Amino acid sequence: MTENKNRCVVTGLGLINAIGNNVEESWSNALKSVSGIKNTTTVDTKDCYATLAAEVSCDTLDSIPGTDKMDRVSKLCIKATLEAMEDAGYTSFDDSTRVSVIMGSCVGGAVSIDHYYRNNKPADDVVKMPISAIAANVAEYVHAGGVVTNVANACAAGTISIAYACDLIRAGKADIVIAGGADAFASVPYAGFLALHALDANPCSPFNKCSGITLGEGSGAVIVESYEHALKRKAKMYCEVLGSGVSTDAHHITAPREDGEGQMNAINWAIETSGVKKDEIGYINAHGTGTAKNDNAEFLSLHTIFDNESDNLSVSSTKAMVGHCLGAAGAIEAVFAIKALTENKIPATVGYDADDLERLKEKAGKIDFVPNKCEEKELNTVMSNSFAFGGNNASIIFSKKSGDVKTTNDNGKVYITGLGIVTPFGNTVEDYIKAVEENKMPESNSIASNVVIDDYVKYGLKPTFRKHDNLSHMQVVSGMEALKNANITVTDLNATSIGIVEGSADGALGTCLEFTENIVEKGCANGSAFKFPNTVYNAAGGYLSIVSGIKGYNVTLTNSNQSGLQSVAYGANIIRQGKEKYVLATGTDENIEGINEVYNKLGVVADSVTLPFENKKGFTLSDGSVTVILENDKNANERGAKKYAEVLGYGMACKPVEFGTLKGSDEGLVEAINLALADANLKASDIDTVSGFACGYKEIDDIEINALNKCGLNKVNLLETKLHTGEARAASAALALAEASLMLAGDLKCDKGFKLDGSKVVSADINASDLKNVLCIAYGAGGSYSAVIITK
C-alpha cells in the first residue's frame with residue numbers, strides 16, 4: 001500500500017439492533033435473513049393502523065454501569081461504542097484531544113420527552129432530552145477530549161458522522177474518532193410517521209411492495225483512525241474509508257426529488273473523491289426504506305449511475321430485517337456493509353414472495369437486489385447510502401484498497417463575506433448595529449426574536465411562511481439576509497458549490513415537546529402531520545436550502561451552546577478541503593414556551609435580567625439566528641466580495657463532565673484556545689480581543705476568566721454580546737463571531753465591553769480601531785468548547 005496522509009481505516013465495530021446485541025449476533029442473523037420486526041408493546045397503539053416495530057431486546061442495556069441518568073438512546077450508543085472500542089483494542093482515552101466523538105441521531109432523547117409528559121414533568125428528564133447529550137455522554141464515558149458533537153440530519157445522520165470523522169482526521173485534527181449513530185424507538189417518530197401515513201401495516205418491503213416503513217431502533221459505532229496511527233500500534237484494520245458525498249435536494253421537507261438529482265450528486269461525489277471507478281463497487285447497502293417515493297428515487301438513481309458502467313452490482317436493504325433506525329440507520333448499515341466487504345457475503349433484502357420475484361426480474365435490469373437469501377461474492381469496494389427528511393443525502397465508500405482520496409487540505413485563506421442576524425432587536429444586520437450603538441439590553445429575564453410574514457415577503461417567500469415553524473423562520477431569514485448581504489445569487493450553476501452547516505443547541509426540541517404533549521393527551525393515532533416534519537433538528541437547514549435553492553453540503557450540528565461556533569469551524573474545514581466554495585455557517589436557537597419551561601426546570605434562568613459578570617446563579621434566556629458566510633479566497637477575490645474578516649484558525653476540545661454541567665471542565669477551553677492558536681500560527685500575545693460567552697451565571701463566567709488567564713490572555717479586551725441579547729445559546733456563539741467581524745470591518749465602531757486584568761473584569765469601551773486578532777469562544781454543557789480566531 002502506498003503512503004497517503006488522507007488514508008482513514010476502520011479498526012473497531014459495534015452494533016445493537018433488533019436482530020442482535022453485538023456485531024457477531026447481528027451479522028449471523030442478517031446472513032440467515034432473520035427479521036426483528038414484531039408487534040410493539042412499548043408505545044400506545046390504540047386506533048393505529050400499523051403496530052409493528054423492530055425493537056432491541058437486551059437484558060443488560062439498563063444495567064450498564066454509570067448510565068442510570070441517561071436516556072435509552074445514550075445507553076444504546078454507549079453499548080455499541082464499548083463493543084467497537086474493545087474490538088479495536090481500546091479501554092479508555094485519558095481525555096486525549098486527539099480522540100473525537102461524532103454521533104448521529106434523529107430524535108435524541110424522545111423516550112425521556114414522552115416520560116416527561118406522562119409523569120408530571122420531572123426536572124431530571126430535561127437533560128436527557130436533547131440530541132446534544134448523546135456524544136457528550138459517550139465522551140464522558142470513554143474519556144475522549146477532542147471534537148465532540150452530534151450530527152442531527154435525521155436518517156442521514158449516521159453516515160454523515162462517519163464522513164465528518166474522516167474529514168477531521170484528514171485535516172489533522174484527530175487520530176481516532178468514535179463515529180456512528182443512535183436512536184431509540186419512541187412515541188414521537190411512531191406517531192409522526194403514522195400521521196404521514198408512511199408506516200406499513202406489514203413488515204416493510206424495500207424495492208418490492210414499497211407500501212411504507214417499519215421503524216426500528218439501535219446503534220452502530222465504528223472506530224476510525226488515521227492509517228499511520230493504526231499502523232503504528234499494529235491494529236487490526238477492517239477496511240479503508242474512502243470518499244463521501246453530502247448533498248441536499250432543495251426540494252421538499254419530507255419527500256425526495258423524483259428525478260434523484262440530490263441522491264445522484266451524493267453518490268457521484270463519493271465516487272469522485274474516492275479515486276475508484278464505478279465498476280469497482282460490488283455492493284451497495286441501500287437506503288431502501290420501503291416507501292414508494294424513496295425507493296423509486298433510489299432505484300432510478302442507481303440505474304442511472306451504474307447501468308452503463310457495471311454488470312456486477314449487488315444492492316440490498318437491511319432495513320427489511322432491522323427496520324428503519326432513523327439517525328442510527330447509516331451507522332448500522334455501514335457496519336453491515338463493512339462486514340459484507342470483509343467476509344465477501346451480502347445480506348439479503350427479505351420479504352419477496354414468488355410473484356414479487358417475477359416482478360423483480362422484470363424491473364431489476366443488471367442490478368442484483370439479493371432477494372430473500374444472502375449471497376457470497378468477492379468484494380473489493382462497497383458503498384452505503386442514506387437519504388433523509390430535509391432533502392439530505394449522504395453516501396460513503398469502504399474498500400480493501402487504499403484508493404486515492406482527494407482532499408485539497410488547502411490552508412489558504414477563508415474569508416467571512418456575508419452576515420445575517422436575527423435577534424430580539426430586529427432581523428437585519430443594521431438592526432443589530434443600531435441596538436449596539438444605542439446600548440440596548442434585555443428588558444426581562446426571558447426575551448425572544450420575532451420573525452413576521454413581512455420578513456418573508458421581502459425575499460418573495462410569503463407562500464412558505466405558514467409551513468415553517470418558529471426555529472425555521474429565524475433560520476430562513478438570517479440565511480437569506482446573509483446571502484443578500486454577501487451579494488450572492490443562488491443559480492443552477494452555483495447551487496452545488498454552496499453548503500450549509502447549521503449549529504443548534506436545542507434544535508427542534510421545542511416543536512418536539514409540543515408534538516409529544518399532544519399525543520400523550522390524545523394518543524399516537526392523533527399526531528399532527530403538519531407539525532411532525534418540524535420535530536427533526538435539520539428541518540430549519542432543510543427549509544433554508546429549499547427556499548434558497550442551495551444544493552451542496554447540508555449538515556446540522558448539535559452539541560449545546562457552542563454549536564453556533566462549531567458550525568464555523570466545520571464550514572472552514574469544508575472550504576479548506578475543497579468541498580465547497582461557500583458555506584453558510586449558522587447558529588440558531590429559539591425561546592418558545594416549551595423551551596422556556598424546560599430551562600426553568602433546570603434552574604438556570606435568572607429571576608431578573610442578568611448581564612455578564614454579575615455573578616448570579618442563572619442567565620437571561622434568549623434566542624435568535626446568526627448566519628456567517630464563509631468563502632474561499634480565490635472565489636472572494638474573483639467576484640470582488642466584501643471581506644469582513646479572515647478565519648485564521650480554529651480549535652475544539654472537551655474536558656468531559658456530566659452532561660448538563662460545566663464545573664471542572666476549564667481545561668477543555670484551555671485546550672481549544674491553544675489548538676486555535678496553533679492552527680492560526682499565532683501566540684497568545686497576538687490576541688488583542690476575546691469575543692466571549694459570559695452570561696452572568698457565575699459558574700460559566702468564571703470558566704472564561706480562568707481559562708483565559710491559564711492561556712496567558714490575562715490582559716485583553718472582552719466583547720460580550722450577551723450584554724445585549726442574553727443567552728441565545730448557539731445563536732450567541734455565532735453572534736460572538738459576527739459582531740467581531742463587523743468591528744474588524746469597521747461597520748460597528750464601538751461597543752460596551754470589558755477589560756480583563758488577571759482575575760478582575762472592569763467595564764470598558766471597545767473601539768473597532770483597537771481590534772486586529774480576535775479570539776471567539778463558546779461553551780457546551782458537558783465540557784465541550786470551540787475557539788475560532790479571526791483577523792482584519
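Of all positions in segment 411-421, none carries a residue that is of a type outside the set (S, T, N, Q) and without any contact (Cβ under 8 Å) to a residue 60 or more places away in the chain.
Flag: LYS531 matches the condition of being among the charged types (D, E, K, R) and either buried (at least 18 other Cβ atoms within 10 Å of the Cβ) or within 22 Å of the chain's Cα centre (by Cα) (or both).
Take segment 755-768 and flag every residue that is more than 15 Å from ASN706 (Cβ to Cβ) and in contact with a helix residue (DSSP H, G or I) (Cβ under 9 Å, 6 or more places away or on another chain). ILE766, ASN767, ALA768 - these are the residues of segment 755-768 that are more than 15 Å from ASN706 (Cβ to Cβ) and in contact with a helix residue (DSSP H, G or I) (Cβ under 9 Å, 6 or more places away or on another chain). If the condition is being touching a helix residue (DSSP H, G or I) at 6+ places or on another chain (Cβ under 8 Å) and assigned to a helix (DSSP H, G or I), then segment 384-431 contributes PHE389, GLY390, GLY391, VAL429. Is it true that some residue in segment 19-32 is more than 22 Å from THR214 (Cα to Cα), out of contact with any helix residue (DSSP H, G or I) (no Cβ under 7 Å at 6 or more places or on another chain) and part of a loop (DSSP other than H, G, I, E, B)? Within segment 19-32, not a single residue is more than 22 Å from THR214 (Cα to Cα), out of contact with any helix residue (DSSP H, G or I) (no Cβ under 7 Å at 6 or more places or on another chain) and part of a loop (DSSP other than H, G, I, E, B). Does segment 56-66 contain any residue that is in a helix (DSSP H, G or I), modelled with pLDDT of 95 or more, over 24 Å from ILE338 (Cα atoms) and open to solvent by less than 20 Å² (accessible area, probe 1.4 Å)? Yes, there is a match, as at least one residue in segment 56-66 is in a helix (DSSP H, G or I), modelled with pLDDT of 95 or more, over 24 Å from ILE338 (Cα atoms) and open to solvent by less than 20 Å² (accessible area, probe 1.4 Å). Looking across segment 293-312, the residues that are of a type in the set (S, T, N, Q) and either open to solvent by less than 10 Å² (accessible area, probe 1.4 Å) or under 26 Å from the mean Cα position of the chain (by Cα) (or both) come down to ASN294, SER301, SER310.
As for segment 496-519, it holds at least one residue that is free of Cβ contacts under 8 Å to residues at least 24 places away in the same chain, more than 30 Å from LYS413 (Cα to Cα) and surrounded by fewer than 24 Cβ atoms within 10 Å (Cβ to Cβ). Among all positions in segment 547-555, there is no residue which is more than 20 Å from ALA250 (Cβ to Cβ), open to solvent by 20 Å² or more (accessible area, probe 1.4 Å) and aliphatic (A, V, I, L, M).
In the set (1) outside any loop (DSSP other than H, G, I, E, B); (2) farther than 30 Å from GLU83 by Cα; (3) touching a residue at least 40 places away in the same chain (Cβ under 8 Å), GLY365 fails one condition alone, (1). Only one of the listed residues (TYR227, TYR238) is open to solvent by 30 Å² or more (accessible area, probe 1.4 Å), of a type in the set (Ser, Thr, Tyr) and touching a strand residue (DSSP E or B) at 6+ places or on another chain (Cβ under 9 Å). That residue is TYR238. Just for segment 595-632: of the residues that are within 24 Å of the chain's Cα centre (by Cα) and open to solvent by 10 Å² or more (accessible area, probe 1.4 Å), which one is farthest from VAL451 (Cα to Cα)? This residue is ASN632.
From the list ILE550, ILE595, the one residue that fits, being outside any loop (DSSP other than H, G, I, E, B) and at pLDDT 95 or above, is ILE595. Under the condition of being more than 24 Å from the chain's Cα centre (by Cα), closer than 27 Å to TYR164 by Cα and assigned to a helix (DSSP H, G or I), the residues counted in segment 313-359 number 5. Looking across segment 441-462, just one residue is under 18 Å from LEU483 (Cβ atoms), open to solvent by 60 Å² or more (accessible area, probe 1.4 Å) and among the aliphatic types (A, V, I, L, M), and that is VAL457. Among the residues in segment 639-647, are any buried (at least 22 other Cβ atoms within 10 Å of the Cβ) and among the aliphatic types (A, V, I, L, M)? Yes, because at least one residue in segment 639-647 is buried (at least 22 other Cβ atoms within 10 Å of the Cβ) and among the aliphatic types (A, V, I, L, M). If the condition is being surrounded by fewer than 22 Cβ atoms within 10 Å (Cβ to Cβ) and either closer than 18 Å to SER548 by Cβ or at pLDDT 95 or above (or both), then segment 241-256 contributes HIS251, HIS252, ILE253.
Taking the stated definitions as given, is ASP356 touching a residue at least 60 places away in the same chain (Cβ under 8 Å) and closer than 26 Å to SER35 by Cβ? Taking the combined requirement at face value, the residue satisfies it. Could you go through segment 110-119 and let me know if any residue there is open to solvent by 20 Å² or more (accessible area, probe 1.4 Å) and in a loop (DSSP other than H, G, I, E, B). Checked segment 110-119: at least one residue is open to solvent by 20 Å² or more (accessible area, probe 1.4 Å) and in a loop (DSSP other than H, G, I, E, B).
Table: residues versus (1) outside any loop (DSSP other than H, G, I, E, B); (2) closer than 23 Å to THR97 by Cβ; (3) at pLDDT below 95.
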{"site": "ILE700", "(1), (2), (3)": "yes, yes, no"}
{"site": "ASN709", "(1), (2), (3)": "yes, yes, no"}
{"site": "LEU713", "(1), (2), (3)": "no, yes, no"}
{"site": "LEU718", "(1), (2), (3)": "yes, no, no"}
{"site": "ALA734", "(1), (2), (3)": "yes, no, no"}
{"site": "ALA740", "(1), (2), (3)": "yes, no, no"}
{"site": "GLY753", "(1), (2), (3)": "yes, no, no"}
{"site": "ALA778", "(1), (2), (3)": "yes, yes, no"}
{"site": "ILE789", "(1), (2), (3)": "yes, yes, no"}
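Annotation note: of ASP633, ASP679, ASP623, the sole residue that is closer than 23 Å to ALA707 by Cβ, of a type in the set (D, E, K, R) and touching a residue at least 40 places away in the same chain (Cβ under 8 Å) is ASP679.
Restricting the search to segment 162-213, which residues are open to solvent by 10 Å² or more (accessible area, probe 1.4 Å), polar (S, T, N, Q) and touching a helix residue (DSSP H, G or I) at 6+ places or on another chain (Cβ under 6 Å)? Selection gives ASN208 alone. Assess whether ALA672 counts as being surrounded by 23 or more Cβ atoms within 10 Å (Cβ to Cβ), hydrophobic (A, V, I, L, M, F, W, C), touching an Asp or Glu at 6+ places or on another chain (Cβ under 6 Å) and not in a loop (DSSP other than H, G, I, E, B). Considered against the rule, which asks whether it is surrounded by 23 or more Cβ atoms within 10 Å (Cβ to Cβ), hydrophobic (A, V, I, L, M, F, W, C), touching an Asp or Glu at 6+ places or on another chain (Cβ under 6 Å) and not in a loop (DSSP other than H, G, I, E, B), ALA672 comes out as no.
Scan segment 496-508 and give yes if some residue there is in a helix (DSSP H, G or I) and either out of contact with any Lys or Arg (no Cβ under 6 Å at 6 or more places or on another chain) or within 20 Å of GLY460 (Cα to Cα) (or both), otherwise no. Scanning segment 496-508, I find no residue that is in a helix (DSSP H, G or I) and either out of contact with any Lys or Arg (no Cβ under 6 Å at 6 or more places or on another chain) or within 20 Å of GLY460 (Cα to Cα) (or both), so the answer is no.
The values are calculated or read from the model by the stated rules, or taken from the named source; none is laboratory data. Not measured: the values here are computed from a predicted model. Reconstructed Cβ throughout: ideal geometry from the backbone, glycine too, with neighbour counts over all protein chains shown. For the accessible areas, the whole protein counts, side chains as well, though only heavy atoms, and no ligand, DNA or RNA atoms are used. Shrake-Rupley method; radii C 1.70, N 1.55, O 1.52, S 1.80 Å.
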